[in-house]
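Data block below; observations after.
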Amino acid sequence: MVRLALINPAPVIEEDLDIATRQKSWPPLGLLYNGEILRREGHEVKILDQDVLGYSTDKTLKWIKRRDPEILGLSPLTISLPSALEIAKLAKNWNENLVIVFGNVIATLSYEHLLKNYEYIDFCLRGETEFTFPKFIKFIEKGGDLKDIPGLSYRKDGIIHANPLPSPIKNLDAIPFPNREELIDFNYRMGSHKFTILATSRGCPFRCKFCAVHVVSNSRGIWRARSIENVLSELHYLQSKGYEEFSFVDDCFIVNPKRTVKLCQRMKKEKIDMIWSCEGRVDQGSKEILKTMQYANCYNLLLGIESANQRILDYYDKQITPEMTKKVIKNVKKAGIENIAGLFVVGGPDETIQEIIHTLRFGLELDLTFVQFQLLYVLQGSEIWADAVQKGLINEEKDWNKYIIAADIYPTAVKRKIIEKLIDKAFIEFFSRPKFLLRELFRTVKSPYRLQNILSMLGSISKQKNGA
Ligand code: B12
Ligand code: SF4
């Protein structure tokens, strides 16, 4: 039996934050899946969500010391890498025998840099790890050959080795549902609702240029789904634990419309009363699907609208049109789904200021409940990243650990400060529309979810102002 501490690092290193000021309410699903498998093998596992708790590095270290683990696992994204490194360094200084392993996107992509530059990281475990993490723990407990652990990267005699990645997990039903309460001591809430997230599938057959979802699930064109029975069992399980709301975080929840309809019908039939949300593409929302989703308690749909300009949509290889957006919004309204959030991205490599303004205006004119206008990030693992590397705008040796905004590196892009001002103005306009004030305000006061989203949107205005 091994004692493990797993940490979801926060995106910023800062003093303790008052929990009331933080918006995050989404548990770290990847750590939960790993944690559950290891817990079932008899290991002592606890997860700390530094992000949601707003713990400082010092407080996080104190938590680690209290647990006194033999293995410390960290799960950084590019944005939370600095915290992960700080925690790992302090933890190794405290106990040099502690085995430190990194997983998730950046460990999968940049294991060489991590192992070369940071002596205190012992291993990176790449790709999907539900079936490789237990093998790794067995190695730590009993020894064996490191080569036998797919996806493991390690140092040996000063050389960095990388075993081939594991194949994507075909049978997702073989992964047990996490016992969330047992693994994390935090009561996740969306407003007043007991809240969690789950995924019914992994992967996405699309390949939008700005997106990096294929990195871990290794899913170029491979979409894998859990059986409907398996998803329903988890939903019943969650309901029995008192959950009132959840979000499906599938990369592409509606990719197989027949399956989505079937799942929603069964949810209704089997009296799954929890309300839920999901993300969708604007080309996937037929009236029938949306109506069935609403019928099954979907109350919030996040749509990847991205841009009002066909040229930009084509550049992103999004395979949608602004007309599809207008049509799907009408369908969502007709279906009676309460909230529609529009996700937009501006500041593409050669997007003009007129195109940016056109997109922001589009967002204001559409009948949306929430808008998220974001600057385009060049995510490691995305095609835009590869393009920037090829053009010499990103130096992988130096920039592998950076969370980069396209407008900061592409000389042809509109300057970031200008875009930020336009975004702030658009947010303010969104809030001051008489329609919004009159119609939404009343409902917002009644709905903690709406309040939470509005606080989050206001948060993004101040973040943009602070240049975050
Ligand atoms: C749900 C989600 C969120 C949620 C919840 C995040 C959370 N608490 O975990 C929310 C909405 C809060 C969120 C926010 C953000 N996200 Co997000 N998110 C996702 C999404 C859609 C699914 C993640 C998930 O749960 N997958 C299911 C689990 C099972 O898979 P997994 O996390 O990869 O974990 C597996 C392995 O990686 C591994 N593993 C994971 N951790 C560890 C640790 C160890 C020690 C080991 C051994 C293994 C291991 O085991 C798991 C099982 O195989 C992904 C897309 C994707 N498909 O990855 C984007 C994604 C991870 N997000 C992304 C981004 C950019 C962000 C934001 C920065 C966006 C923003 N601008 O605010 C923020 C940052 C948040 C933060 N605090 O760090 C990018 C990351 C790209 C990158 N290069 O870093 C992704 C890939 C999407 C994209 N746009 O391309 N996100
Ligand atoms: S943005 Fe959505 S549709 Fe496009 S590749 Fe990513 S997950 Fe798939």
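All of the numbers you see were taken from the coordinates with simple rules; none came from a lab. Everything quoted here is computed from the prediction, not taken from an experiment. Note: ideal-geometry Cβ built from the backbone for every residue, glycine included; neighbour counts use all protein chains shown.
Which is the longest stretch in the chain that no exposed loop site breaks, taking sites as GluC sites (Glu not before Pro) with a DSSP loop state and at most 14 other Cβ atoms within 10 Å?
Longest site-free region, per DSSP loop and neighbour criteria: 271-468.
Where the centre of each part is set by its Cα atoms, how far does segment 108-149 sit from segment 274-344, in angstrom?
With segment 108-149 and segment 274-344 each reduced to a Cα centre, they are spaced 39 Å.
Compute, for the chain, the length of the dipole vector about the Cα centre, with Cβ point charges of +1 (Lys, Arg) and -1 (Asp, Glu) only. Units Debye, rounded to 20.
Once rounded to the nearest 20, the dipole reads 1340 debye.
Could you run the Debye sum over the Cα atoms of segment 68-129, one equal point scatterer each and no solvent, and tell me log10 of I(q)/I(0) at q = 0.16, 0.23, 0.29 Å⁻¹, two decimals?
-0.43, -0.90, -1.36
Would you list which lysines come within 19 Å of residue 194, measuring only between C-alpha atoms, while excluding same-chain residues fewer than 8 positions from it?
24, 241, 271, 446
Which percent, nearest 5, of DSSP beta bridges in segment 3-162 are antiparallel?
30 percent
I'd like the Kirkwood hydrodynamic radius of the chain, using the inverse of the mean 1/r over distinct C-alpha pairs, in Å.
With all distinct Cα pairs of the chain included, I get 23.4 Å.
So for 251, 424, fewest C-beta neighbours within 10 Å to most, what's the order?
The fewest-first ordering by Cβ neighbours comes to 424, 251.
Using 0.36 nm per residue, how much length does the chain from residue 12 to residue 402 gain when fully extended, once their Cα-Cα distance is taken away?
Once the chain is fully extended between residue 12 and residue 402, it gains 139.1 nm.
Which percent, nearest 5, of DSSP beta bridges in the chain are antiparallel?
25 percent
Excluding residue 392 itself, calculate the net charge of residues whose Cβ lies under 14 Å from the Cβ of residue 392, where each Lys or Arg counts +1 and each Asp or Glu counts -1. Mind dumping the intermediate values first?
Details: positive: 391, 398; negative: 387, 396, 397, 399.
Neighbourhood net charge equals -2.
What translational diffusion coefficient, in µm²/s and rounded to a whole number, does the Stokes-Einstein relation yield for segment 188-432 at 37 °C and a viscosity of 0.692 mPa s, taking the hydrodynamic radius as the Kirkwood radius over Cα pairs?
Rounded to a whole number, D works out at 171 µm²/s.
Here is the link list: 327/435; 258/435; 333/425; 258/287. Which ones come out longer than 25 Å on Cα distance?
Beyond 25 Å between Cα atoms: 258/435; 333/425.
Taking the alpha-carbon distance from residue 92 and a cut-off under 20 Å, which lysines remain once sequence neighbours fewer than 8 residues away in the same chain are dropped?
Counting by Cα, and skipping residues close in sequence, residue 92 has these lysines nearby: 46, 59, 62, 65, 116, 156.
Using θ = phi - 60° and the Karplus relation 6.51 cos²θ - 1.76 cosθ + 1.60, list the HN-Hα couplings for segment 378-383 in order, rounded to whole Hz, with x at every Gly or Pro.
These are the phi-based 3J(HN,Hα) values: 9, 7, 4, x, 8, 6 Hz.
When only DSSP loop residues count, what trypsin sites (Lys or Arg not before Pro) in segment 201-250 have their Cβ near at most 14 other Cβ atoms within 10 Å? Walk me through the numbers on the way to the answer.
Details: sites: 202, 207, 209, 220, 224, 226, 241; in loops: 207, 209, 220, 226, 241.
The qualifying sites are 220, 241.
Amide H neighbours of residue 152 under 5 Å, counting only residues 5+ apart in sequence or on other chains, H built in-plane at 1.01 Å?
Excluding prolines and chain starts, which carry no amide H, the hits are 126, 163.
How large is the Kirkwood hydrodynamic radius of segment 3-162, in angstrom, based on all distinct alpha carbon pairs?
15.8 Å
Given R₀ = 41 Å, FRET efficiency for residue 159-residue 187 by Cβ-Cβ distance, to 0.05?
Here the calculated transfer efficiency is 0.35.
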